[in-house]
Amino acid sequence: MEGAFDHFIKKLFSKTPLTGVANEHSSVLLQKMASTKEKLIAHVSTETPVGSTNKVTVVGVGMVGMAAAISVLLKDLTDELALVDVIEDKLKGEVMDLQHGSLFLKTHKIVADKDYSVTANSKVVVVTAGARQQEGESRLNLVQRNVNIFKFIIPNIVKYSPNCIILVVSNPVDILTYVAWKLSGLPRNRVIGSGTNLDSARFRFLMGEKLGIHPSSCHGWVIGEHGDSSVPVWSGMNVAGVSLQGLNPDIGTDKDKEDWKNVHKMVVDSAYEVIKLKGYTSWAIGMSVADLCETILKNLHKCHPVSTLVKGMHGVKDEVFLSVPCVLGNSGLTDVVHMTLQPDEEKQLVKSAETLWSVQKELTL
Amino acid sequence: MASVLHKLITPLFSGPAEPPRNKVSVIGVGQVGMACAVSILLRELTDELALVDVMEDKLKGEMMDLQHGSLFIKTPKIISGKDYSVTANSRIVVVTAGVRQQEGESRLNLVQRNVNIFRHIIPQIVRYSPNCILIVVSNPVDILTYVTWKLSGLPKHRVIGSGTNLDSARFRYLMAERLGIHSSSFNGWILGEHGDSSVPIWSGANVAGVSLQKLNPDIGKDKDKEGWKETHKMVVDSAYEVIKLKGYTNWAIGLSVADLTESLMRNMSRVHPVSTMVKGMYGISDEVYLSLPCVLNNSGVGSVVNMTLTQDEVSQLKKSA
């Protein structure tokens, strides 16, 4: 290769008084003057490099946070990934482990710190941090503990990424999305809860198993509160546009001979079951978060069931967050799809809203 | 009364299901095994994934968690079981099972314990997938790959150890960071024994074909003013450091195994530094496994690249053997 090396030799000869003296002495000087890097690479750009264009931050490097991180990395969604947590050793270990895999990834910059300055200019911030429910702990107490954690996290996020979209995953997700929205001061389109995105994915998986079809071809929406009182919208279930309720009007009711209602029950139970078997859930929620990030970062305008402010919809009067089908893009949650719900489905949503509000109004924000 | 299924769908073909074409099995669902599984799934390399372990609850929980993500991936069948029949017809089997070193335990003792585990695992794998390629990840990987080869009765080109694939990836990352480029644009190989006595091949380190050793003949030596040898030391230390910080390593090894799986599954004939049987090469007369640049395709190790090594590098390899 003629290039840089010879160029440097020529340059050297023209500057030193040793002109005309052959290699040995000059090359010793060369080594003193230019490092291997300088010999190899000539910097030509005069501009300051542009920062990242689609940075993702994950707050909390527990099992869920890391599953989200690896899913985002493997889907090539971002050019910069930042991790934040309070446990410094664990955080450093995780970021090193990811960096060591750089050869196999297309995300050039993977950083981590306890300090939120590392999250600056993020497009999407995924919040997985929070306490888990202790034995015998009331839900309200868990929520208040998590509110206190969010009081530290959320303002820090907004300080360094005032234009970001916050994706809340920590549970109870609907309440904490409300909390994040209040604490952030961001408009409602920029604070989204992962909500029933995962419940719907589980529902479609189970539906697919029953029909022998891939989940992506089975359509079914689970909305409302993420967890025990989520609402499966039986009227919307279809394959290739063929309504399952049209084929089986009893679907989802107690008198249904095929017991499709059990599919929804399995969705509600599955989180508890996986936790009982392996201690926590991570992979499914991680993949579903990456799925949401993809829609947001690539401005796809896809519909996802995610948690948003539903006051004024479906008879809900309180300022609460519940999951409904929403259109997501790079400015966040831009539109809501208005579902045609049965009266009892709407009643369930209103009831969930009342339960959530009764908890929310007791919180000190 | 016809069920919803019958009303909705008219079957055209009711024979038995086709066997899987690109099945991967992962033995051991610890942190490393699951990182391998997730990386393989998200890279869309397989149409069927099987998980095996002895801890049945953990195994079922992991399988369910992956299945719940089915909507987002392109692997339609994810199964698991304590019984190896679930691994039948695998093209590739990744072995991550094994015990970790206890406090004060000698390496020999650790190896013996793992050999006893492999005596149970390997014959079962081969029984259900006689034509598979085995990738051994469990440590000490070079020794255990040898053990696997002996226990499996498979030809040597179908038993691979993940070897220095990860060490090389770490090396390329650290070197590239120093130079301000992406790891894939820096070419450098670490061969030999995975771990403390791995051999960095400085003569091969290059960017865009420009040999770093030609620019800096002292590279990798103690007298090197720029301290490039330190970078290799960091590679050796990095595993210990990550373990000290977070308790284990998994993401990097998972990604590197998925990379190997891709070359094997897609018949790419890419060159990777993996652990293979080196008797007869570089003057090594023992039957051992060490990492050398191997061409990987769908039959396993198609061939080995003959590197021009310095005397010093050859003697280091022989010493490991």
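Overview of values
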{"quantity": "Candidates A:Leu83, A:Leu40, A:Leu176, ranked by Gaussian network fluctuation over chain A, Cα under 10 Å, top entry", "calculated": "A:Leu40"}
{"quantity": "Carbon + sulfur, % of accessible area of the protein assembly as shown - ligands and nucleic acids excluded, 1.4 Å", "calculated": "53"}
{"quantity": "Amide H contacts of B:Val136 (H built 1.01 Å from N, under 5 Å, at least 5 apart or other chain)", "calculated": "B:Val95, B:Ile160, B:Gly161, B:Ser162"}
{"quantity": "Amide H partners (placed H, <5 Å) of A:Val336, local residues excluded", "calculated": "A:Val327"}
{"quantity": "12 Å beta-carbon shell around B:Ser263, net charge (K/R +1, D/E -1)", "calculated": "+1"}
{"quantity": "Amide H within-cut-off set for B:Val274, under 5 Å, with H built and near neighbours excluded", "calculated": "B:Leu292, B:Cys294"}
{"quantity": "Of the trypsin sites (Lys or Arg not before Pro) in region A:278-365, those whose Cβ has at most 16 other Cβ within 10 Å and which sit in DSSP loop", "calculated": "A:Lys298, A:Lys311, A:Lys317, A:Lys361"}
{"quantity": "Candidates B:Phe118, B:Phe186, B:Phe13, ranked by Gaussian network fluctuation over chain B, Cα under 10 Å, top entry", "calculated": "B:Phe13"}
{"quantity": "Sequence of B:Leu296, B:Leu108 from largest to smallest accessible area, 1.4 Å probe", "calculated": "B:Leu108, B:Leu296"}
{"quantity": "Region A:83-238, relative contact order in percent, only Cα pairs under 8 angstrom and at least six apart counted", "calculated": "16"}
{"quantity": "Contact order normalised by residue count of chain B, Cα under 8 Å, 6+ apart, percent", "calculated": "16"}
{"quantity": "Radius 9 Å from Cβ of B:Trp251, net charge of other residues (Lys, Arg +1; Asp, Glu -1)", "calculated": "-2"}
{"quantity": "For residues of B:237-248, the mean tally of beta carbons on other chains within 10 Å", "calculated": "4"}
{"quantity": "Cα centroid separation, region A:285-323 to region A:94-118 (Å)", "calculated": "28"}
{"quantity": "Per-residue ³J(HN,Hα) for region B:207-218, Karplus 6.51 cos²θ - 1.76 cosθ + 1.60, θ = phi - 60°, Hz, x for Gly and Pro", "calculated": "10, 6, x, 7, 6, 5, 5, 5, 6, 9, x, 8"}
{"quantity": "A:Thr53, A:Thr78, reordered so the largest accessible area comes first (probe 1.4 Å)", "calculated": "A:Thr53, A:Thr78"}
{"quantity": "Calculated over region A:42-172: convex hull of Cα atoms, volume per residue (Å³)", "calculated": "123"}
{"quantity": "Accessible area that becomes buried as B packs against A, both chains, 1.4 Å probe, Å², nearest 100", "calculated": "6100"}
{"quantity": "Average Cα contact separation per residue, chain A, under 8 Å, 6 or more apart, as relative contact order %", "calculated": "15"}
{"quantity": "Volume per residue that the Cα convex hull of region B:4-152 spans, once the total is divided by residue count, Å³", "calculated": "128"}
{"quantity": "Computed Kirkwood radius, in angstrom, where 1/r is averaged over Cα pairs of region B:1-63", "calculated": "14.3"}
{"quantity": "Listed residues A:Lys37, B:Lys279 arranged by accessible area, highest first, probe 1.4 Å", "calculated": "B:Lys279, A:Lys37"}
{"quantity": "For B:Leu5, net neighbour charge (Lys/Arg +1, Asp/Glu -1) across residues whose Cβ lies under 11 Å away", "calculated": "+1"}
{"quantity": "In Å², nearest 10: area of A:Ser217 left accessible to a 1.4 Å probe", "calculated": "50"}
{"quantity": "Cα-based Lys proximity count in region A:159-281, under 24 Å, for pairs eight or more positions apart or on separate chains", "calculated": "10"}
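The values are calculated or read from the model by the stated rules, or taken from the named source; none is laboratory data. Fair warning: this is a prediction, and the values are worked out from it, not measured in the lab. Here the Cβ is made from the backbone with ideal geometry for all residues, glycine too, and neighbour counts use every protein chain on show. For accessibility, only protein heavy atoms count, side chains too; no ligands or nucleic acids. Shrake-Rupley method; radii C 1.70, N 1.55, O 1.52, S 1.80 Å.
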